[in-house]
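*Asks:* Can you read through this structure? Questions will come right after.
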Amino acid sequence: MMSVSAMLVLSMSISMAIMEPGSGELKSVQVSDAVGSVSDASAGKWMDSFDEAKTLSIEKKLPIVLHFEAVWCGACRQMDSAVLEQPTVTKHLGTTVIGLRIDADRDPELIAKYGISTLPTEVVIGFDGQEIARYTGSTSLSEYTSRLNHSGSQLAVSPDARPARELDQNLRECLLVMHDGKVVGLGGFCPVAMMRGKKWLKGSKEFVGCFDGVDYFFQSAEEREIFFASPEQFIPGLHGCDPVELQRERRALTGAIELGAFYKGRLFFFTSRSNLRLFQNNPAWYAEGLSADGIENLSQFPFLKSMTIN
């Protein structure tokens, strides 16, 4: 084992909030073809892209084995030839686990994110981004094969055990489809008042602005001008579609305005309290690296095709 030195340690403070429209305030808490080609490329091979491995993990409902190494690490090089590329190991890749090899010198952000101080180190995460296991140091081929067998059977969340979408008649959808077919964002509340004052204030039909095919209501013409000067600062993430449903099930569903949370200054909404909790436990997993590829009902939410959803 070798210590990792001179690494850039990143620190990130995540601030989130539970939305309560009734009170007008927020309570703070701490908190396709392309896909097919990636799937084929992963079979029997180690991947080298975290984003691609994450996408495939969610698609196949498989855990990811993050193998941290470096070219200057003797123990890492020994594992490379004697363990990692052996047929008894590679047969698991893309079938029971998604394998990702990470060069410590090239990916300092991942080194910091997963708190790696010794090489080699492996971190096993489920398809929901939660850590399942962690191993430090080199190991034999037989021990490593046993480790993969165990990792492949230890999903962080079983897809069959997922609770059904919670349908609560008291929850109001963030995206409203009006009788004339127009889509209204943020449930008709003013996005400028929400993002600037953290208050739920109803907009007026007199002051309406359309962005990405979604109508937003404002309290005044001035607020509408402020919105269009920098709309990305005010629109909810995915215009209110649930990022957890998008990542895990590849489907777009409208979140409820009662179930919202901030992440890096962006407001996201969720279809259920269970999805909100998943997001709070690992917001970066669901809010970053989003893709519209393979969404089964994309035609219902055409703005997802063109908007930047990262």
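The values are calculated or read from the model by the stated rules, or taken from the named source; none is laboratory data. Every value quoted in this text rests on a predicted model; they were computed, and no experiment measured them. Glycine also receives a Cβ, built like all others from the backbone with ideal geometry; neighbour counts cover every protein chain displayed.
*Asks:* Determine if segment 57-65 includes at least one residue that is over 30 Å from GLU245 (Cα atoms), surrounded by 15 or more Cβ atoms within 10 Å (Cβ to Cβ), in contact with a Leu (Cβ under 9 Å, 6 or more places away or on another chain) and modelled with pLDDT of 95 or more.
*Replies:* No, the conditions are met nowhere in segment 57-65.
*Asks:* Taking the criterion of being part of a loop (DSSP other than H, G, I, E, B) and over 24 Å from LYS61 (Cβ atoms), would at least one residue in segment 253-263 satisfy it?
*Replies:* Checked against the condition, which is being part of a loop (DSSP other than H, G, I, E, B) and over 24 Å from LYS61 (Cβ atoms), segment 253-263 yields no hits at all.
*Asks:* When residues of segment 247-263 are filtered for being more than 13 Å from the chain's Cα centre (by Cα) and either of a type in the set (Val, Ile, Thr) or more than 17 Å from LYS199 (Cα to Cα) (or both), how many remain?
*Replies:* Selection size over segment 247-263: 6.
*Asks:* Picking from MET2, MET7, MET16, MET12, which residue would you name as being more than 21 Å from LEU141 (Cβ to Cβ), modelled with pLDDT under 90 and surrounded by 15 or more Cβ atoms within 10 Å (Cβ to Cβ)? Lay out the reasoning, then the answer.
*Replies:* Working: MET2 fails: more than 21 Å from LEU141 (Cβ to Cβ); MET7 fails: surrounded by 15 or more Cβ atoms within 10 Å (Cβ to Cβ); MET12 fails: surrounded by 15 or more Cβ atoms within 10 Å (Cβ to Cβ).
Among MET2, MET7, MET16, MET12, only MET16 is more than 21 Å from LEU141 (Cβ to Cβ), modelled with pLDDT under 90 and surrounded by 15 or more Cβ atoms within 10 Å (Cβ to Cβ).
*Asks:* Go through segment 93-131 residue by residue and tally those that are part of a loop (DSSP other than H, G, I, E, B) and under 24 Å from GLN247 (Cβ atoms). Write out each step before concluding.
*Replies:* Taking segment 93-131 as the starting set, the residues that turn out to be part of a loop (DSSP other than H, G, I, E, B) are 94-96, 104-107, 114-117, 120, 126-130.
Next cut, under 24 Å from GLN247 (Cβ atoms) only: 94-96, 107, 114-115, 126-130.
Going through segment 93-131 one residue at a time, the tally reaches 11.
*Asks:* Report, by residue number, each residue of segment 225-263 that is of a type in the set (D, E, K, R) and out of contact with any Asp or Glu (no Cβ under 9 Å at 6 or more places or on another chain).
*Replies:* Across segment 225-263, the qualifying residues are GLU225, GLU232, ASP242, GLU245.
*Asks:* Checking LEU100 against (1) under 15 Å from LYS54 (Cβ atoms); (2) at pLDDT below 95; (3) surrounded by 21 or more Cβ atoms within 10 Å (Cβ to Cβ), only one condition comes out false. Which one?
*Replies:* Checking LEU100 against (1) under 15 Å from LYS54 (Cβ atoms); (2) at pLDDT below 95; (3) surrounded by 21 or more Cβ atoms within 10 Å (Cβ to Cβ), the one that fails is (2).
*Asks:* Just the residues that are within 17 Å of LEU148 (Cα to Cα) and either part of a strand (DSSP E or B) or not aliphatic (A, V, I, L, M) (or both), please, taken from segment 46-80. It would help to see each step written out before you state the result.
*Replies:* Residues of segment 46-80 that are within 17 Å of LEU148 (Cα to Cα), as a first pass: 46-47, 53, 57, 60-68, 79-80.
Of everything in segment 46-80, those that are within 17 Å of LEU148 (Cα to Cα) and either part of a strand (DSSP E or B) or not aliphatic (A, V, I, L, M) (or both) turn out to be TRP46, MET47, SER57, LYS60, LYS61, PRO63, ILE64, VAL65, LEU66, HIS67, PHE68, ASP80.
*Asks:* Of all residues in segment 257-282, which are under 23 Å from PRO231 (Cβ atoms) and hydroxyl-bearing (Ser, Thr, Tyr)?
*Replies:* TYR263
*Asks:* In this structure, does LEU186 turn out to be aliphatic (A, V, I, L, M), closer than 25 Å to SER299 by Cα and at pLDDT below 90? I'd like the intermediate steps shown before the answer.
*Replies:* Details: aliphatic (A, V, I, L, M): yes; closer than 25 Å to SER299 by Cα: yes; at pLDDT below 90: no.
Judged against the criteria, LEU186 is not a match.
*Asks:* I would also like to ask the following. If you go through segment 267-298 one residue at a time, how many are surrounded by fewer than 17 Cβ atoms within 10 Å (Cβ to Cβ) and over 23 Å from LEU56 (Cβ atoms)?
*Replies:* Number of matching residues: 3.
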